[in-house]
Amino acid sequence: MRALIVCTLIVWALGVCAARAADPPASTQAPAPAANPATAQELPQVVVIANAPLSGLGLPANEIPANVQTADSRQMQRQQSLDLADYLNAGFSGVSASGSAANPFQMDVNYHGFTASPLLGTPEGLSVYVDGVRVNESFGDTVNWDLIPQSAISTVTLMSGSNPVFGLNTLGGALLLRTKSGHDNPGTGFEATGGSFGRRSFEGETGGELGNFDYFLTATLFDESGWRDLSASRVRQGFGKAGWQNERTDIDLSYSYADTRLHGNGATPQSMLEYRRRASYTPDLTANLLNFVNLTGSQFLTGTLLLSGNVYYRRLTTTSSNTNVNDGYLSDNYSGPPLDCTASPGSVTALDYCAPGQNATGRLTQSTTGAGVQLTDSRQLFGLPNQAIVGGDFSHSTNTFAQAQQFGTLAADRTLIYAASAFNDPTVISLSGGSRTYGAYLTDTLSTSKLLHFTVAVRYGRNAETLDGYSLNTVLGPGFGQSNPLAGDHTFSRLNPAVGFTLTSGEAWTLYANYNEASRAPTVIELGCSNPAVPCGLPNAFAGDPNLAQVVARTEELGIRGTLPGGRALWSADVFHTINRDDIQFVATATNAGYFANFGGTRRQGLDLALGGRAGGLEWRMTYSLVAATFRSAFELSSPSNSTADAAGNILVRAGDRIPLIPRNSARLLLDYAPGEHWSLGASALAVSGSYLRGNENGLNRAGATSAGGAYIAGSGWIAGYAVVDLHASLRLGKHAEIFARLVNLFDREYSTAGFLTRNAFTARGSFIPAPANWTNENALSPAQPRALWAGVRIRLK
C-alpha cells in the first residue's frame, strides 16, 4: 500500500503541474454558492456528503474515495425502525447488530468488524458525530443509542475506512448525523404507537420560521414491558433547536435531553432458554440522564471561504445495578480459616465467600466541554477545482466513577435478596479522572479533470488522560480487600495520514481507492486495569494503570459504484482490508482475574455488494457483505468453560482465529411498493451466518468434551445463523392522517444474536444449584424477540 500512496501523490503532483502550465486568467474563480451550505446539508433531498466533522460545503459522492451510505428522515420513517441502531442493522450493508445487553436500545453495532457499543470495556472502533460533536462518551468511548432521538435526525451518513479527519475511534468507519431544523422541517406532527410486549410510544414535533429565525422541537415518550422477564424499557427524549440564517450566515443553538431506564438481562444459559424462552438469567438495570447543549455556526467570509465552528457542553449521569452470581461463592481461591456459612458473616471475606448472589451498583458522571473551528476554501488551485479544509478541535472531560458491591441470596426471579450485615455494600472502586483531547486536521480534494479527483488528508491528535482514586482487590485469595491506588498521567499523540482518488464518468460509474490511518487511545477502563503485577477482576475492577500503547488501524479500500443507463438501478462493489496494530485484549492470570495489555494485531477484510433501484411504485435494494475478522497474534485468554482450557482455565488464541460475534456473511433485501399516493407496503429480509461465541476465541471448543481442569463442557461455543423477515405498511387517510403497522419476525424464528461460554449456576427451571461443583458449562445466548406487531397513527399539520 506504500506504492499506492507514492503513486497517488506523484499523479496528484503531475496533475497540478500540468494544470499550472495552462492557468486561466487570474480573475477566474468558482461561482459563489447561492445559500449557506450548512442549511443545504440539513435538507434530506440534497445529496451532499460531509467530508469533515463540522458543517462545510461537502462533496458530491463521485469525489469521495470511500464507501458511503446515506439515509434521510423520510426513509427512516418509512422503515418504522425503533431507533438508529435498528435502522442501520436493517438497511446498511456491512452492518450487523448483536444484543449483548439484551435490550433493544442497547445494541452493539458492528460495521466491517468494528463496534460502536454502549457496554463499558468493549473495544470501540467507530466514531459517531451529532452536528459536529463526537458523542463517543469520554469514560470508555461508548455509544449510547438511547440518547439519540430518531425523530430529531435529518440525515445519516456512514463512511467506511480509517479516515483520520474524524479523529479518535475511527478505526473502521465514521457515522455522521445531522439534526432537523425548522427551516427545512416546517409543520407539526404527532405519532402514537402501541402493540406487542406492552409497547406504548408517543412522538411529536413542530417546526417553522419567523423571518430569518427558525425553530424545531421534538419529544419522544416510550414505554415497554418487554417480551422477557424483567425486561422493561422507559425512554424519554427531547430535542430543540433555534436558529438564525441568511445567505451568508447560519447559527443554531440546540439542546438534547434524555432520561432512560433500561433493563438488559444479557445472555441466558441455553438450557434455561430451551425450557422457557422468556427466562432471564440475572437482571441488569441502566439509567441514563443526559443534558447536551451545542452552539454551531457558519459564516461565508468571501464567496469561496466558509468559516464554521461549534461550542458544546455534554453531561451524562449513568447509574447501574447489575445482578450476578457471586464469583467468590465457595471459591477455591479462599485458603483462610474455615468459615461457617450458616452463621452471621463476621467479615467481608465471610460475606463474599458465603453469599451466592451479588449486585454491582455504580454511578458514573461524565462532563465534557468542547469547541471546534473549521475553514473551508473552495477557490481553484492552479485553475483547477479544489476544496481545502483545515480545522481544529478541543475537548475537556471530567469523569467520576464509584462502584459498590451488595451481597445476598437470589430470589426465584434471580434478583438479589440483600443480606443485612454491617460488612455489606462496600465501595470497591472510587475513581476520578479527566482527559484533554486536541486535534488539528487538513483535507484537500483536487480535481485535475472532470474524471479524476485526488484527496489527501492528515490529522494530528493529542490525548492526555489522568486518573486518581483507588480500588479494592475483590478476588478471594491473597491480597483480598487490599486497596490499590489509581493515580497516573498518560499522553498519547499521533499523526495519521490518508490518500485516495476517484476516477469517474459522472453518474454512470465511479472507481475509487484509498489508504488511511486512524488511532484510538486506551480508555480509562483499560488503563485502570493494566498492571500485570496487580491483576483485577473482569470487567468491574481496577488495579494499577501502567501505560498502554494506542491502537492504530491502517485501511486499504478499493471500490466502484454507479448507475445503470436511464437511472434504472444503483449499484456498488467495495473491498476493504484493515490491520490493527497494538490491539488491546484482556489477558488472563487466573480464572476470573487478569489485566488489559497490547497483544499484537487483528485484521478485518471483506467486501460489500449492493444493487437497488426503482420501477414504477416499487423501490428495492439488495446487499451482501463478507467480513472476515481474525486475530493476527497469539495470546492467552481466560475461558474456563472452553473444552481446551488448561488447569488454570486459560485457552491459547492463535494467529488466524476468528474474532467472536462478527458474522462472516450477511445479506439484505428491502422492498417498498407504493402503487398510489394513499398506501404503501414494504418488506425487509435479513440473513446472517453463524459466529463463534465469546469464550471460544480459539474456535476449538467441543461440546461433550472435558477440559484439563476436569470440567465437562456442554456448550458448543457457536451461535447459529438466522434469516428473519419483517413487514410494514401505511395507509393515508386524507391529507393529514396516516395509519401504519409493522410486523417483526414474520415467521416467528427463534434465533440469537450474541452470547458467550459460561458456567450456569441454575437448573433449566431457574432454581439455584447450591454446590458449584454441579454447575454446568454451556452456551449463554441473547435471544431475539419473537413475532411482534405494532400499529399506530400519524397526524401531520402544515
*asked:* Contact list please: Cβ distance under 7 Å, first residue in the stretch 648-661 and open to solvent by 40 Å² or more (accessible area, probe 1.4 Å), second residue of a type in the set (A, V, I, L, M), pairs at least six apart or on different chains.
replied: 648/590; 652/634; 654/634; 655/634; 658/629
*Quickly run through the stretch 50-76 and pick out the residues that are closer than 17 Å to residue 560 by Cβ and in contact (Cβ under 8 Å) with a residue 60 or more places away in the chain.*
61, 62, 63, 64, 65, 66, 67, 68, 69
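Condition check ((1) surrounded by fewer than 22 Cβ atoms within 10 Å (Cβ to Cβ); (2) without any contact (Cβ under 8 Å) to a residue 40 or more places away in the chain; (3) in contact with a Pro (Cβ under 9 Å, 6 or more places away or on another chain)) across all residues:
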| site | (1), (2), (3) |
| --- | --- |
| 144 | no, no, yes |
| 148 | no, no, no |
| 152 | no, no, no |
| 176 | no, no, yes |
| 186 | yes, no, no |
*Select from the stretch 250-283 the residues that are more than 17 Å from residue 758 (Cα to Cα) and either of a type in the set (D, E, K, R) or in contact with a helix residue (DSSP H, G or I) (Cβ under 8 Å, 6 or more places away or on another chain) (or both) and list them in ascending order.*
250, 252, 256, 258, 259, 260, 261, 262, 276, 277, 278
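A quick yes/no check of all residues on (1) within 30 Å of residue 189 (Cα to Cα); (2) in contact with a Phe, Trp or Tyr (Cβ under 8 Å, 6 or more places away or on another chain); (3) open to solvent by less than 60 Å² (accessible area, probe 1.4 Å); (4) not acidic (Asp, Glu):
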position: 692; (1), (2), (3), (4): no, yes, yes, yes
position: 696; (1), (2), (3), (4): no, yes, yes, yes
position: 699; (1), (2), (3), (4): no, yes, yes, yes
position: 728; (1), (2), (3), (4): yes, yes, yes, yes
position: 745; (1), (2), (3), (4): yes, no, yes, yes
position: 751; (1), (2), (3), (4): no, yes, yes, yes
position: 756; (1), (2), (3), (4): no, no, no, yes
position: 763; (1), (2), (3), (4): no, no, yes, yes
*residue 55 vs. criteria open to solvent by 20 Å² or more (accessible area, probe 1.4 Å), at pLDDT 85 or above, part of a loop (DSSP other than H, G, I, E, B) and in contact with a helix residue (DSSP H, G or I) (Cβ under 7 Å, 6 or more places away or on another chain)*: yes
*Just name the residue that is modelled with the lowest pLDDT out of those in the stretch 597-620 that are buried (at least 16 other Cβ atoms within 10 Å of the Cβ) and of a type in the set (D, E, K, R).*
619
*Are any of the residues in the stretch 736-747 modelled with pLDDT under 95 and outside any strand (DSSP E or B)?*
yes
*Selected residue [more than 12 Å from the chain's Cα centre (by Cα) and buried (at least 22 other Cβ atoms within 10 Å of the Cβ)] from 109, 135, 130, 95*: 130
*asked:* Anything in the stretch 662-671 that is surrounded by 20 or more Cβ atoms within 10 Å (Cβ to Cβ) and assigned to a strand (DSSP E or B)? List them, or say none.
replied: 666, 668, 670
*Just give me the residues in the stretch 423-456 being closer than 30 Å to residue 506 by Cβ, among the small types (Gly, Ala, Ser) and assigned to a strand (DSSP E or B), in sequence order.*
447
*asked:* Can you report the number of residues in the stretch 384-422 which are in a strand (DSSP E or B), β-branched (Val, Ile, Thr) and under 22 Å from residue 763 (Cβ atoms)?
replied: 2
_Could you tell me how many of the residues in the stretch 238-268 are of a type outside the set (Gly, Ala, Ser), under 23 Å from residue 119 (Cα atoms) and either modelled with pLDDT under 95 or open to solvent by 20 Å² or more (accessible area, probe 1.4 Å) (or both)?_
6
*Give just the number: which of (1) of a type in the set (Phe, Trp, Tyr); (2) closer than 30 Å to residue 125 by Cβ; (3) touching a helix residue (DSSP H, G or I) at 6+ places or on another chain (Cβ under 9 Å) does residue 216 not satisfy?*
(2)
*Does the stretch 269-314 hold any residues that are crowded, with 16+ Cβ neighbours inside 10 Å, hydroxyl-bearing (Ser, Thr, Tyr) and over 30 Å from residue 407 (Cα atoms), and which are they?*
296, 298, 304, 308, 312
*Considering only the stretch 153-188, state which residues are of a type in the set (Gly, Ala, Ser) and in contact with a Gly (Cβ under 9 Å, 6 or more places away or on another chain).*
160, 161, 162, 167, 172, 173, 174, 181, 182, 187
*Residue match in the stretch 349-361 (condition: hydrophobic (A, V, I, L, M, F, W, C), open to solvent by less than 30 Å² (accessible area, probe 1.4 Å), closer than 22 Å to residue 131 by Cβ and part of a strand (DSSP E or B))*: no
_Hits in the stretch 486-526 (condition: polar (S, T, N, Q), open to solvent by 10 Å² or more (accessible area, probe 1.4 Å) and either farther than 22 Å from residue 582 by Cβ or without any contact (Cβ under 8 Å) to a residue 12 or more places away in the chain (or both))_ = 505
*Please verify whether the stretch 457-470 includes one or more residues that are in a loop (DSSP other than H, G, I, E, B), within 33 Å of the chain's Cα centre (by Cα) and polar (S, T, N, Q).*
no
*asked:* I'm trying to understand the selection: among the residues of the stretch 315-340, which are in contact (Cβ under 8 Å) with a residue 60 or more places away in the chain, touching a strand residue (DSSP E or B) at 6+ places or on another chain (Cβ under 9 Å), open to solvent by 20 Å² or more (accessible area, probe 1.4 Å) and farther than 28 Å from residue 412 by Cβ?
replied: 333
*Quick one: count up the residues across the stretch 434-455 that are open to solvent by 20 Å² or more (accessible area, probe 1.4 Å) and under 27 Å from residue 141 (Cα atoms).*
5
*Of everything in the stretch 205-227 that's among the hydrophobic types (A, V, I, L, M, F, W, C) and touching a Lys or Arg at 6+ places or on another chain (Cβ under 9 Å), which residue is farthest from residue 83 (Cα to Cα)?*
216
*Inside the stretch 730-742, can you point out the residues that are open to solvent by 40 Å² or more (accessible area, probe 1.4 Å) and touching a residue at least 12 places away in the same chain (Cβ under 8 Å)?*
731, 732, 736, 739
*Take the residues of the stretch 621-632 that are touching a Gly at 6+ places or on another chain (Cβ under 6 Å) and either open to solvent by 30 Å² or more (accessible area, probe 1.4 Å) or among the basic types (Lys, Arg) (or both): which is farthest from residue 269 (Cα to Cα)?*
621
*If only one of 633, 625, 639 is of a type in the set (Ser, Thr, Tyr) and either at pLDDT 95 or above or within 25 Å of residue 66 (Cβ to Cβ) (or both), which one is it?*
625
*Within the stretch 448-482, can you find the residues that are hydroxyl-bearing (Ser, Thr, Tyr) and in contact with an Asp or Glu (Cβ under 6 Å, 6 or more places away or on another chain)?*
466
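The values are calculated or read from the model by the stated rules, or taken from the named source; none is laboratory data. Since the structure is predicted, the reported quantities are computational estimates derived from the model, not experimental observations. Note that each Cβ is placed from the backbone with ideal geometry, even for glycine, and that neighbours are counted across all protein chains shown. What goes into the accessible areas is simple: the full protein's heavy atoms, side chains included, and nothing from ligands, DNA or RNA. Shrake-Rupley method; radii C 1.70, N 1.55, O 1.52, S 1.80 Å.
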